[in-house]
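This report concerns only the one structure given below.
The values are calculated or read from the model by the stated rules, or taken from the named source; none is laboratory data. Everything numeric in this text was worked out from a predicted model, so none of it was measured. Cβ atoms come from the backbone with ideal geometry, glycine included; neighbour counts cover every protein chain shown. To get the accessible areas, we keep the full protein, side chains included, count just its heavy atoms, and leave off ligands, DNA and RNA. Shrake-Rupley method; radii C 1.70, N 1.55, O 1.52, S 1.80 Å.
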Amino acid sequence: MARRLFVAVGEPLVNDPASFVEEAIRKLRADVPERTIVAASGGIDSTVAAVLTHRALGDRSRAVFVDTGLLRAGEVEQVGRFFAASHLPYHLVPAADRFFDALHGVGEPEEKRRRIGETFVRVFESEAEKFGCDRLVQGTIAPDWIESGGSLRDTIKTHHNVGGIPKDMRLTLVEPLRDLYKDEVRAVARYLEVPDSERQPFPGPGLAVRVNGPVTPERVRRVRVANAIVEEEVERAVAAHEIAPPWQYFAVLLPVRTVGVMGDNRVHGEAVVVRVVESVDAMTATAMALPRPVLARMSERITRALSGEVVRVLYDVTDKPPATIEWE
Ligand code: XMP
């Protein structure tokens with residue numbers, strides 16, 4: 001079990017995040033004698049790691065945000081706004097072709113994660129070379145490496161930023177948040193004036209784990225369209241006080257051929273699953289009971305926007321356990 005830095009006895013936290021930040025900056029300066037890049041995904045963990053590194057090293061650090069081609073609709077712009085609000089300068093790397101090449105013909109979920117992890121590392125290696133450094137700062141937090149089998153437990157899943165790292169990586173990893181849990185990262189974020197992320201939790205491997213079966217640009221486009229509709233409808237229902245804000249809500253594309261009707265014809269298309277869950281820490285989750293009209297609107301809009309490509313919409317009613325939140 002990781003050492004807790006702040007011992008939470010109710011609120012507030014016993015130790016001051018200020019002392020964590022001071023110590024982290026001192027350690028970053030020691031661990032990075034020259035320059036480093038920082039893997040910045042737009043999530044709260046990597047943003048806090050990037051802001052800390054920028055405080056410690058200034059222009060000797062460069063936050064790198066990779067457009068994998070597996071991001072959600074509008075995400076590049078949304079992440080850009082979040083970095084701006086966090087006062088974090090960053091470097092955007094367009095790399096969709098590299099990720100789709102690496103995923104070509106791969107359907108097995110753990111192999112997808114492995115290839116995505118490896119592609120991230122190859123992209124970071126070339127960015128590090130351009131920046132003239134051999135260090136990579138990552139926002140890994142305690143549950144990431146615990147779930148990836150870093151302790152004595154079995155691997156629950158291979159987080160791309162831990163188990164997916166190839167053995168021959170040419171960069172030295174620096175992980176300033178390694179001992180923190182999520183609530184502690186949030187406390188540090190508040191102290192550093194990093195705003196709450198607009199984003200719900202989003203897995204590092206992106207839409208690739210929400211496309212069951214082969215990952216092609218075409219199939220990722222389908223799940224991206226469906227996902228945007230699920231997000232809009234959930235957010236509309238929250239704003240109208242029809243439902244409480246869920247923990248996570250998204251679409252998954254299934255590799256089935258199922259039949260629908262278009263006019264007088266039978267057409268075969270794929271199926272989309274809608275997943276909306278309530279949770280506190282993602283370790284357990286409950287499928288949310290969405291009002292029937294919300295589900296009906298999602299189904300109608302998804303099958304219309306993806307006419308002939310997706311002919312059926314399903315709702316996942318399974319809790320975690322026995323299922324997980326993601327489908328892969
Ligand atoms: P599961 O599917 O295991 O997901 O119930 C629990 C939480 O973790 C997120 N998740 C990931 N996050 N890299 C990440 O950074 C990953 O490979 C990954 N897989 C799942 C998931 O979205 C949920 O919030």
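Structural remarks
- Only protein atoms count toward the accessible area here, which uses a 1.4 Å probe; on the chain, the carbon and sulfur part of that area reaches 53 percent.
- Extension gain (nm, one decimal) between Asp183 and His268, 0.36 nm per residue minus Cα-Cα: 26.0 nm
- Partners for Lys320 among lysines (Cα-Cα distance below 20 Å; same-chain residues under 8 apart left out): Lys157, Lys182
- Entry note, the chain: the mean residue ellipticity at 222 nm calculated from DSSP H runs of n ≥ 4, each adding -39500 (n - 2.57), is -12000 deg cm²/dmol after division by the residues and rounding to the nearest 500.
- In this simple spin-label model, placing a label point 7 Å from the Cα along the Cα-to-Cβ direction at both Asp316 and Val280 gives a separation of 2.2 nm.
- Across the options Val185, Ala244, Ala323, the greatest Cα extent toward the positive end of the charge dipole of segment 177-328 (unit charges at beta carbon of Lys, Arg, Asp, Glu) belongs to Ala323.
- Cβ-derived FRET efficiency at R0 25 Å, Glu22 paired with Asp134, nearest 0.05: 0.45
- Placed amide H near Tyr315: partners under 5 Å, 5+ positions off or other chain: Val274
- Rounded if a/c under 1.5, otherwise prolate or oblate - segment 191-236, Cα gyration tensor axes: oblate
- log₁₀ of I(q)/I(0) at q = 0.08, 0.15 Å⁻¹ - the chain, Debye sum with one point per alpha carbon: -0.39, -1.33
- Segment 54-90 versus segment 251-312: alpha-carbon centroid distance in Å: 32
- Rounded to the nearest 20 debye, dipole of the chain from Cβ charges on Lys, Arg, Asp, Glu: 400
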